[in-house]
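The structure appears right after this line, and notes come after that.
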Amino acid sequence: MRLSIAVLEDELKKRGCSFWKRPDRKSAAYEECGMLAELIEAPSGQDGRELLLEVFLDYSQWETKMLAGIVRQSGIQHFIDLAAEKLVNPIALLDPNCMILAKSKNYPKEFTNTIWDDMKGEYFPMDKYYSLKEIRNFSEKLNRSPKKYVLYQAEKDPEHTYYASQLRMGNHVLGSIGTISLYGPITEGQVDILYQVKEYFQMYFSSQRQEYTFNAGLSQAFTRFLEGESPEKSGLLEELNRRRWEKGEPAQLLTFACPVPFYSEMETALFSRRIRLQFPGCLLAVQDGMISVAARQVEADLNNPTYRKELERFLEQYDLYVGCSFLFCEWRALRAACIQSSFAARRARDKGKKRFLRYQDCQIEHLLWAAGKQEDILSFCDPDVLRLWNSGKDSDRFLVECLRVYLLNGRNLADTARALKLHRNTVVYRVEKLAALLHVDFHVLSEEQAFSYLFTCLLLKAQKTQPAR
């Protein structure tokens, strides 16, 4: 086997030795112990060659145990404890959503003033400990570093160095490993050992032949379905059956938007993790810089005031906006629900007034936006109603508003009066005047004509068209 010179230096220091002249190479093999021994300054009575042989033997035994753990498919905790035998500092293994899968035995129960003091729950609290600027900087270094690891010092804890490196299988991120300089500095030798540990973990996950991306299968199937694949081809139905989603079960799509687009995969993972905690068992997909979630009605009762209050608190805490689609029971309606919730999320974010917006509350705006992309929106309006609206007279606009409420209330005069807070006789007068101006008998109004009038009133109310000059 070969060990890096940096690792050998660390091990010699533990034994009270050092190189009086550093070897001009990056690594050395067991067979080169004789040559390396000539470069060692050892305390009186110690043989440099024997010390080196001892180091190589220790690491050979460690490597054998690591490989045996891979072959025997040992549990993650057992495997990470093996990995930590050659590490001075603690090591933690996380999944792509920052869930803590395992911590080594030399992981401190309490260590104040560092991020590790907060890592007592299920998740790595990176977003709690680092500022958004630091997360972006950290992410950028991790993604651009040719060494695929980052050594970082947080503003809150400049005395300690943090190490992080991603675990990958091809282009797929399996998770990450991380450590901190609690019991000693993170030396070049420690980095080399951590790199070897990462390689072993990637071998471990590969040999297990299980899905270690934790919800990645469902998210990928959900994303493929939203992008146009059938439920069968995308694998969505298989994933849903595995999670016991009943056919025809009412659900709704929620799309979460941030004030600014996600800067990196790390930020996306952090927001995804937060949302998964809020909606356990949900389907989650990331599209166009937003996160879409399909949640069963029984798990996300948005009509429950207590649940809504908790959701509002969640949105405020993480500066998120969410759009909610109509309820759907058939999975083939999911793509339409995605369009609905995405539009509502954008409207909520752009307006900045409400963090939660139902699609039915912005449906007319969506129609205006979609129609306006193809045609002049006013071309959809009834010309007689449009003429009243554009007359420049407040009295005529009051008539258009009366027409809208009258039609919405099924042409019931009493209900219209209550809705407008007017006397019934005033409503009767306005309806009769409308009938004369529009040349129509409301008692025999056709379904098509009623739709045209109501549609025009709704468009004009949403559009807030200015009077013609």
Next item on the list: Starting from the residue with the highest accessible area, list E159, E11, E312, E238 in decreasing order, probe 1.4 Å.
Entry: E159, E238, E312, E11
Note to self: Students often forget the sequence filter, so: which aspartates and glutamates lie under 12 Å Cα-Cα from K86 once same-chain residues fewer than 8 apart are removed?
What the structure shows: D10, E11, D58, E63, D192
Next item on the list: Can you tell me the FRET efficiency between D157 and E188 if r is taken as the Cβ-Cβ distance and R0 is 22 Å, rounded to the nearest 0.05?
Entry: 0.50
Item checked: Karplus-derived HN-Hα couplings along segment 81-92 (A = 6.51, B = -1.76, C = 1.60, θ = phi - 60°), whole Hz, x at Gly and Pro -> 5, 4, 4, 7, 4, 9, 10, 6, 8, x, 10, 10
Item checked: Debye equation applied to the C-alpha atoms of segment 362-469, log10 I(q)/I(0) at 0.16, 0.17, 0.22, 0.23 Å⁻¹ -> -0.71, -0.80, -1.27, -1.35
Next item on the list: Summarise the accessible area of the chain (1.4 Å probe, protein heavy atoms) by the percent that is carbon and sulfur.
Entry: 50 percent
Margin query: From the helices alone, meaning DSSP H stretches of at least four residues, give me the mean residue ellipticity at 222 nm for the chain, per-run term -39500 (n - 2.57), in deg cm²/dmol to the nearest 500.
Written below: -15000 deg cm²/dmol
Check: In straight Cα distance, which aspartates and glutamates are under 14 Å from K433, not counting same-chain residues fewer than 8 positions off?
Finding: D384, D396, E401, D441
Check: Excluding ligands, DNA and RNA, what is the solvent-accessible area per residue of the chain at a probe of 1.4 Å, expressed in Å²?
Finding: 53 Å²
Next item on the list: Would you kindly state how much longer the chain becomes between H439 and L277 on full extension, computed as 0.36 nm times their sequence separation minus their alpha carbon distance, in nm to one decimal?
Entry: 52.4 nm
Margin query: Among 191-199, 357-365, how do they line up by average Cβ neighbours within 10 Å per residue, starting with the highest?
Written below: 191-199, 357-365
Item checked: 22 Å Cα-Cα reach of K373 towards lysines, excluding residues that sit fewer than 8 places from it in its own chain -> K351, K461, K464
Next item on the list: List, in the order given, every pair from K354/K393; K21/K148; K105/K141; K105/K148; K309/K354 whose Cα-Cα distance in the structure shown is over 21 Å.
Entry: K354/K393; K21/K148; K105/K141; K105/K148
Note to self: Considering all alpha-carbon pairs of the chain, what whole percent are spaced by more than 45 angstrom?
What the structure shows: 36 percent
Checklist line | Extension gain (nm, one decimal) between S44 and R411, 0.36 nm per residue minus Cα-Cα | finding: 121.5 nm
Notebook entry, point to check: Roughly how many debye, to the nearest 20, is the charge dipole of the chain about its Cα centre, given +1 on each Lys and Arg Cβ, -1 on each Asp and Glu Cβ, and no other charges?
Noted result: 1500 debye
Item checked: Per-pair calculated FRET efficiency, R0 = 30 Å: V298 and S230 via Cβ, rounded to 0.05 -> 0.70
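The values are calculated or read from the model by the stated rules, or taken from the named source; none is laboratory data. In this text the structure is predicted, and so the values were computed from the model without any measurement. Neighbour counts run over all protein chains shown; Cβ positions are idealised from the backbone, glycine included. Surface accessibility is based on the protein's heavy atoms, side chains included, excluding ligands, DNA and RNA. Shrake-Rupley method; radii C 1.70, N 1.55, O 1.52, S 1.80 Å.
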